[in-house]
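Below: the structure, in structure tokens.
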Amino acid sequence: MPIPKWTIKGIVDDYDTCGCCGRRGLKRTVALMPLDADGNEDGTAEDVAYYGTACAATALGWTQGKVTDTARAAQAQQDQRDAQARRMISIYAPVEFAPVWDQASVYYGRNHGQRDTGVRATDEVAKLLAEARAQLADTTTGPARPSRIEDFRRYVVIFTRDRRVYLVQHLSDDEAERQAQGDAAVRRTEEIRGSLAVVAALDSESARDVAYADDLTRRWNAHAWQAAHA
Ligand SMILES: [Zn+2]
């Protein structure tokens with residue numbers, strides 16, 4: 001069997017023109033990354049071609065159904081990697097310039113098994129952040145996604161008495177509205193006799209992670225928010 005010349009990276013809603021036949025007004029296109037003779041990805045986001053499903057099917061020698069299924073699965077993986085990247089940035093970006101001991105404490109606190117193994121927390125944090133930023137900057141299947149501390153939004157997280165997440169709510173940028181949200185959250189927390197945290201994160205899933213994190217992680221998180229909005 002010949003090695004295919006392309007691999008499907010995902011589905012794109014932003015391009016409505018097929019890069020193969022030039023047909024316009026397509027609902028979506030599939031992102032095709034060129035492969036070298038050994039079947040390895042050969043290029044960056046700039047080398048990706050965007051084809052309609054019909055032309056992609058011809059290029060790959062597949063049915064359109066297989067193209068669509070494969071593209072959906074690839075896009076789901078991209079979305080998962082994005083979500084993971086947002087979590088890593090929400091946890092670690094605030095400690096990026098923290099003292100080494102704090103950085104180590106935050107990192108090993110989440111990676112117990114690596115303590116005393118020679119794995120250097122500062123290197124790992126730098127690597128995780130670089131990978132996460134590269135993931136969110138990747139434009140293969142759409143525009144770059146927010147990844148900076150300045151892009152964090154604030155969330156209130158309410159826990160039940162047994163420390164399960166009861167509610168994650170984005171706090172409004174409008175002060176009066178935020179005050180009302182805060183009052184309601186405090187009331188609700190008292191009603192269920194839970195506890196409450198306010199954290200900053202790139203999305204609500206990450207906010208949940210930050211809220212569950214240790215005190216030191218949350219202190220740096222609060223500090224980063226204040227520094228970014230001073
Ligand atoms: Zn086409």
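Considering the conditions (1) more than 21 Å from the chain's Cα centre (by Cα); (2) outside the structural domain of Ile11 (by TED's automatic domain parsing); (3) open to solvent by 20 Å² or more (accessible area, probe 1.4 Å), Thr58 is excluded by exactly one of them, (2). Between Asp183, Asp173, which is without any contact (Cβ under 8 Å) to a residue 40 or more places away in the chain and under 30 Å from Asp13 (Cα atoms)? The conditions single out Asp173.
Considering only residues that are over 20 Å from Gln135 (Cα atoms) and touching a strand residue (DSSP E or B) at 6+ places or on another chain (Cβ under 8 Å), look in the stretch 40-55 and name the one that is farthest from the ligand (Cβ to nearest atom). Out of the qualifying residues, it is Thr53. Within the stretch 174-210, the set of residues being within 24 Å of Tyr92 (Cα to Cα) and among the acidic types (Asp, Glu) comprises Asp203, Glu205, Asp209. Within the stretch 127-135, is there a residue that is touching a residue at least 12 places away in the same chain (Cβ under 8 Å) and in a strand (DSSP E or B)? No, because not a single residue in the stretch 127-135 is touching a residue at least 12 places away in the same chain (Cβ under 8 Å) and in a strand (DSSP E or B). Looking at this structure, is Ala59 modelled with pLDDT under 95, within 16 Å of the ligand (Cβ to nearest atom) and part of a helix (DSSP H, G or I)? Taking the combined requirement at face value, the residue satisfies it.
Apart from one condition, Gly118 fits all of (1) within 25 Å of Ala224 (Cα to Cα); (2) open to solvent by 40 Å² or more (accessible area, probe 1.4 Å); (3) not β-branched (Val, Ile, Thr); the exception is (1). For the structure I just gave you, tell me whether Thr122 is among the β-branched types (Val, Ile, Thr) and within 16 Å of the ligand (Cβ to nearest atom). Judged against the criteria, Thr122 is not a match. The strands (runs of 3 or more DSSP E) found entirely in the stretch 136-230 include none that carry 2 or more residues being at pLDDT below 95 and closer than 30 Å to Ala45 by Cα.
Residues that are within 16 Å of Ser195 (Cβ to Cβ), surrounded by 16 or more Cβ atoms within 10 Å (Cβ to Cβ) and among the charged types (D, E, K, R) within the stretch 206-230 comprise Arg208, Arg218, listed in sequence order. Residues of the stretch 94-101 include at least one that is more than 13 Å from the ligand (Cβ to nearest atom), within 30 Å of Ser204 (Cα to Cα), open to solvent by 20 Å² or more (accessible area, probe 1.4 Å) and not in a loop (DSSP other than H, G, I, E, B).
For the stretch 11-18, the count of residues that are of a type in the set (Ser, Thr, Tyr), within 12 Å of the ligand (Cβ to nearest atom) and under 20 Å from Gln77 (Cβ atoms) is at least one.
Selection of the stretch 20-42 for residues being surrounded by 13 or more Cβ atoms within 10 Å (Cβ to Cβ) and in a loop (DSSP other than H, G, I, E, B) yields Cys20, Arg23, Leu26, Arg28, Asp42.
Remark: pairs (first residue in the stretch 61-73, aromatic (Phe, Trp, Tyr); second residue at pLDDT 95 or above; Cβ separation under 9 Å; 6+ apart in sequence or on different chains) = Trp62/Ala56; Trp62/Thr70. Residue selection: Val100 fails the criterion of being assigned by TED's automatic domain parsing to the domain that holds Ala222 and in contact (Cβ under 8 Å) with a residue 60 or more places away in the chain. The combined condition, being free of Cβ contacts under 8 Å to residues at least 24 places away in the same chain and either open to solvent by 40 Å² or more (accessible area, probe 1.4 Å) or in contact with a helix residue (DSSP H, G or I) (Cβ under 8 Å, 6 or more places away or on another chain) (or both), is fulfilled by Glu191.
The values are calculated or read from the model by the stated rules, or taken from the named source; none is laboratory data. Worth saying up front: this structure is predicted, and the values here are computed from it rather than measured. No Cβ is skipped: glycine too gets one built from the backbone with ideal geometry, and neighbour counts run over all protein chains shown. For accessibility, only protein heavy atoms count, side chains too; no ligands or nucleic acids. Shrake-Rupley method; radii C 1.70, N 1.55, O 1.52, S 1.80 Å.
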